[in-house]
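Here is the structure we will look at.
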């Protein structure tokens with residue numbers, strides 16, 4: 001998932017195996033003028049060079065590993081879960097893709113808000129992991145991605161979609177992962193909060209009279225009856241109430257959970 005360099009996950013180099021230097025024991029008697037002396041000296045030099053090579057190899061591997069840690073460093077921790085730089089960058093790319101917003105237009109404040117949302121998602125994941133509910137299937141994920149692609153004329157063709165992914169440094173598997181998480185979170189939130197919400201008919205009518213009709217008249221759109229509008233108004237009010245309850249719940253979770261931004 002340019003201001004955000006695409007870092008490959010899990011690409012940390014490992015230390016190379018150490019080479020064993022085996023010296024033969026036992027001393028052979030040689031005369032002072034024997035050519036074996038120079039041969040022994042040459043062997044010593046060769047073994048010293050091998051040892052030096054091993055040391056340099058280990059140092060290079062250690063430096064490469066350290067560089068990997070800097071590239072994919074931990075940017076925040078939520079309880080005992082780490083949020084990596086690569087996850088943050090992927091989230092920014094995905095959000096920009098969904099909004100068809102150039103990566104170059106993203107400010108430091110935009111990135112901070114994206115990290116804040118990623119922290120909330122991590123808090124939700126902890127609650128989801130402790131709950132039992134039906135997760136999104138591969139078919140549901142594919143259908144949702146198709147819906148997203150249909151929202152933009154540039155994404156409807158495979159060529160246009162692949163070009164968009166390349167522009168944002170994303171691949172299909174990453175998109176599927178983000179979409180699956182969105183579906184799971186939406187389902188989890190719905191199951192947790194919707195049963196506790198009741199919108200009475202009077203509230204629906206007030207919204208219709210005070211907000212919907214004035215908006216329709218301002219825009220010059222044809223008016224619809226209260227009966228026609230009621231189901232959509234009720235669902236809108238339910239969603240608003242769920243957002244309020246979710247915001248309050250996340251605030252409470254943050255107070256109870258150690259969250260550290262590095």
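Figures for the structure shown
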item	result
Mean Cα-pair separation over length for the stretch 197-262, i.e. relative contact order, pairs under 8 Å, 6 or more apart, %	40
Pairwise label distance in nanometres, residue 117 with residue 257, each label 7 Å out on the Cα-Cβ vector	1.7
Pair residue 172, residue 246: separation of 7 Å Cα→Cβ label points (nm)	2.9
Protection-proxy order for peptides 251-257, 178-184, each taking the mean of Cβ atoms within 10 Å per residue, highest first	178-184, 251-257
FRET E, pair residue 223, residue 194, Förster distance 25 Å, beta-carbon r, rounded to 0.05	0.25
By average C-beta atoms within 10 angstrom, highest first, the peptides 79-85, 146-152	79-85, 146-152
Cα gyration tensor shape of the stretch 197-262, rounded if a/c is under 1.5, else prolate or oblate by comparing a/b with b/c	prolate
Cut-off 19 Å (backbone N to label point 7 Å along Cα→Cβ of residue 133), residues of the stretch 218-262	235-254
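No lab work stands behind these numbers, since they all come straight from the coordinates. It should be emphasised that the depicted structure is a prediction, and the values quoted were computed from it without experimental measurement. Note: ideal-geometry Cβ built from the backbone for every residue, glycine included; neighbour counts use all protein chains shown.
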